[in-house]
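Step one of this worksheet: look at the structure below.
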Amino acid sequence: MAILQINKIHLLGYMHLKKEIIDFLFNSGAVEIIETARGTQRDFTPVSISEIDKKLSDIDFSISFLRRFTEAKTKFVFKGFQILCNEGFYRKIVSEFNYEDIVQFCKNAEMSFVKLKSSREKLLSLKNVLIPWVSLNVRMDLMRDTKTTVFFAGSLTHKDLKKVREKIEKDVYIETISRDKKHSYFVVLCDKKKSTATAELLKEHNFSKTVFPQVAEALSVREYMGKIENELKFLTDEEKSLSENIKKQLSSSENLMILYDYFYNIKIKNTAHNFLNETKETFYLCGWILSKKAKELKSEIEKKFPETEIYFTQPQPNEDVPVFLGNNKWTEPFNFVTELYGHPVHDGIDPSPLLAPFFVIFFGFCLTDAAYGIILTVLCFAVLKKMRLTEEMSKFFRLMFYCGLSTIVLGAFTGGWFGDLFDRLPSGFYFLKNFKNSLIMEKINPATQPLNFLVLALILGSVQVLFGLLVNLYYQLKLKNIFFAVFQQLPTVIIQFVLLALVISGMGIISFEKKVSIVLFSILGLSMLSIAFTQWKINKAVGEKLFWSVFTNYSIVTGNFLADTLSYARLFALGLSTGLMAMAVNEISFLVLKLPYYIGVIPMFVFLTVGHLFNIAINMLGAYVHTSRLQYLEFFSKFYVSGGRVFKPFGEIRRYTVGTR
């Protein structure tokens, strides 16, 4: 399959039918409505968008708030997974559930948490201030100035306090209460007449004053600290009680999700009214529709609304036409890879089905462990069967399922079963070793024939690069760039093919007679001359003609054939590293097993499990990243033109729920 053809739809109808037609198009989910110039009158005023936005904001806040108190095992519904909801229950919740009470409850609870947090922070701050003064055995209500004396409390560095003691007058009382690594905490009591001089002396040495809280009770610092601890415990109990009350409302989470989807779709439907061109009696609607659905939609609209006029036109060259990747169920998961890079332009090439076989093979090349492939395949199969996924998550797990199957095959061919674990098992498990050996293709076994494994990776890479060049040849012919296709792109394909054949021959994989080699070199030379001719033709200045004639040939040989092909050596490196890391895990695990008195048995199984799980995770990530990189940089660069806009039909969109019958 490829990028599906899209037509422009034009619909003209009477104003009294507008709401019904909008509802019909919404339920059909076939048309992407585009904005047209507005008329002067409207006989239908949709629910205020700002009012709906307020409801959505309140519900979204409540869902997010309740999420904080949801157990980790059920939080998956917020992270790419959706909840099942039959349409009867959906309608019941929409008509009966009073979400405003839950929203108000969540807002009040949030405010309570904010107040409790603020109180806790104040108490903790006060506690930190008082900690150095715990040993001060004086009532806090007495820590103040009197008619004849002035009271100072604060801290200085040890060095500064020593200087103050040397300079301070003898009849001024000073006592150190506590010390830490840098500071001394002390009190000073002096006659009011000497308070100014004392204050100046302290200030001169960077005195940091401590402000004690105003206390009416007769409490010491230690007793007041006990009171703070009791208040902190009370706040903790209040938070626990509030959390328990919130958890009782968690059953409303799914209802809130249903209502969010409901109001969000009301917003979508009502926003469409703003896109229409209206007069007093009629309205005009314009949009995009898949060509294969146009005839059916027209038939339904003419049957249901016979007074309506509907027709279709082809997109104009400068119009912003959306893109829909119409792949079958087998290649659709690879849309995930393409969409991460960016959609193709509407008249471009859909690379999803083209990259599919290369992606799964290269992924398997990177893991090369059949046991890892089985784990990946079973995990993806379980997720696909047991969980309700969003469309994008479903594509990803189906993609990984295919990659798991590829890993099983390539792992079996290269002898990877948890690394070399089968070779280390006792003689009672010898049948596993025989089973493994019966599947190995020794010529590409990276453990014994690493060079052959590397050559295979490079050949596969060269084939994909050649395939990308062929796709570009087709694309240029499709765009009717005949001159460029024949004299530039076709010779580029020929150069790639001839160089690949010559290298394979030079390595002894296949052999050519001398006459065949002469023919190949002649074809290579003619292809380079054709490319030079093309560059001479399309460039204007003589200097540019000479430069691009040489440089284009140079870049084809060093870029397409050498650099791009050598980039596929990463498949060899990743495949080899997966096996070596697995072998290292096995080696360390069986060393632990040799501990006396069988005490190493349990640690061995723990290390095997953790080590191989880590190896699977880290190398799966590497396999996905590097396989994608090869598609984006080495394959897409040959023909792909991105920048397309996704086709977004006007219809129901659900963020949290999936409808069932």
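The values are calculated or read from the model by the stated rules, or taken from the named source; none is laboratory data. Every value quoted in this text rests on a predicted model; they were computed, and no experiment measured them. Every residue, glycine as well, gets a Cβ built from its backbone with ideal geometry; the counts of neighbours run over all protein chains shown. Heavy atoms of the whole protein, side chains included, go into the accessibility calculation; ligands, DNA and RNA do not. Shrake-Rupley method; radii C 1.70, N 1.55, O 1.52, S 1.80 Å.
When you look at residue 335, is it loosely packed, with under 15 Cβ neighbours inside 10 Å and in a helix (DSSP H, G or I), yes or no? Before you say what the answer is, go through the steps one by one.
Values: loosely packed, with under 15 Cβ neighbours inside 10 Å: no; in a helix (DSSP H, G or I): yes.
The answer is no for residue 335.
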message: List pairs: first residue in region 541-560 and modelled with pLDDT of 90 or more and of a type in the set (Gly, Ala, Ser), second residue surrounded by fewer than 16 Cβ atoms within 10 Å (Cβ to Cβ) and in a helix (DSSP H, G or I) anywhere in the structure, Cβ distance under 7 angstrom, at least six positions apart or on different chains.
response: 549/536
- line: Across region 144-194, the tally of residues that are under 19 Å from residue 221 (Cβ atoms) and among the aliphatic types (A, V, I, L, M) stands at 6
statement: Only one of (1) at pLDDT 90 or above; (2) surrounded by 16 or more Cβ atoms within 10 Å (Cβ to Cβ) does not apply to residue 143, and that is (1)
Boolean, residue 114 is at pLDDT 90 or above, within 32 Å of the chain's Cα centre (by Cα), open to solvent by 80 Å² or more (accessible area, probe 1.4 Å) and aliphatic (A, V, I, L, M): yes
statement: Conditions (1) among the aliphatic types (A, V, I, L, M); (2) over 33 Å from the mean Cα position of the chain (by Cα); (3) more than 30 Å from residue 499 (Cα to Cα) -> residue 479 fails only (3)
message: Of everything in region 304-339, what is over 24 Å from residue 397 (Cβ atoms) and without any contact (Cβ under 8 Å) to a residue 24 or more places away in the chain? Give them in sequence order.
response: 306, 316, 317, 318
query: Can you tell me which of 162, 170, 182, 203 is touching a helix residue (DSSP H, G or I) at 6+ places or on another chain (Cβ under 8 Å) and basic (Lys, Arg)?
result: 182
- prompt: Any idea which of 206, 255 is of a type outside the set (Ser, Thr, Tyr) and within 30 Å of residue 98 (Cβ to Cβ)?
  reply: 255
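Working carefully through the options 475, 402, find the one that is within 20 Å of residue 571 (Cβ to Cβ), touching a residue at least 24 places away in the same chain (Cβ under 8 Å) and among the aromatic types (Phe, Trp, Tyr).
402
Of all residues in region 161-173, which are closer than 18 Å to residue 199 by Cβ and open to solvent by 30 Å² or more (accessible area, probe 1.4 Å)?
Passing the criteria: 163, 165, 166, 167, 169, 170, 171, 173.
If we keep just the residues of region 528-574 that are outside any helix (DSSP H, G or I) and either more than 26 Å from residue 503 (Cα to Cα) or in contact with a strand residue (DSSP E or B) (Cβ under 7 Å, 6 or more places away or on another chain) (or both), which is least open to solvent (accessible area, probe 1.4 Å)?
First, pick out the residues of region 528-574 that are outside any helix (DSSP H, G or I): 539-541, 567-568.
In the following step, the residues that additionally are either more than 26 Å from residue 503 (Cα to Cα) or in contact with a strand residue (DSSP E or B) (Cβ under 7 Å, 6 or more places away or on another chain) (or both) were identified as 539-541.
Values: 539: 27, 540: 182, 541: 49 Å².
Filtering region 528-574 for residues that are outside any helix (DSSP H, G or I) and either more than 26 Å from residue 503 (Cα to Cα) or in contact with a strand residue (DSSP E or B) (Cβ under 7 Å, 6 or more places away or on another chain) (or both), the one least open to solvent (accessible area, probe 1.4 Å) comes out as 539.
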message: Being in contact with a Leu (Cβ under 8 Å, 6 or more places away or on another chain) and either acidic (Asp, Glu) or free of Cβ contacts under 8 Å to residues at least 60 places away in the same chain (or both) is the filter here; which residues of region 237-266 pass it?
response: 238, 239
- request: State whether one or more residues within region 1-14 are modelled with pLDDT under 90 and either open to solvent by less than 70 Å² (accessible area, probe 1.4 Å) or part of a helix (DSSP H, G or I) (or both).
  value: yes
message: With the requirement that a residue be of a type in the set (D, E, K, R) and closer than 30 Å to residue 272 by Cβ, what does region 602-661 give you?
response: 645, 648, 652, 654, 655, 661
task: Scan region 130-143 and report the pairs whose first residue is more than 9 Å from residue 177 (Cα to Cα) and whose second residue is open to solvent by less than 40 Å² (accessible area, probe 1.4 Å) and among the polar types (S, T, N, Q), with Cβ atoms within less than 8 Å and a gap of 6+ or a chain change.
output: 137/220; 138/220; 139/220; 140/220
query: Among the residues of region 193-216, is any under 51 Å from the mean Cα position of the chain (by Cα), hydrophobic (A, V, I, L, M, F, W, C), assigned to a helix (DSSP H, G or I) and surrounded by 12 or more Cβ atoms within 10 Å (Cβ to Cβ)?
result: no
task: Could you tell me whether region 450-465 includes any residue that is open to solvent by 60 Å² or more (accessible area, probe 1.4 Å) and assigned to a loop (DSSP other than H, G, I, E, B)?
output: no
query: Name the residues in region 257-306 that are aromatic (Phe, Trp, Tyr), open to solvent by less than 20 Å² (accessible area, probe 1.4 Å) and outside any strand (DSSP E or B), would you?
result: 305
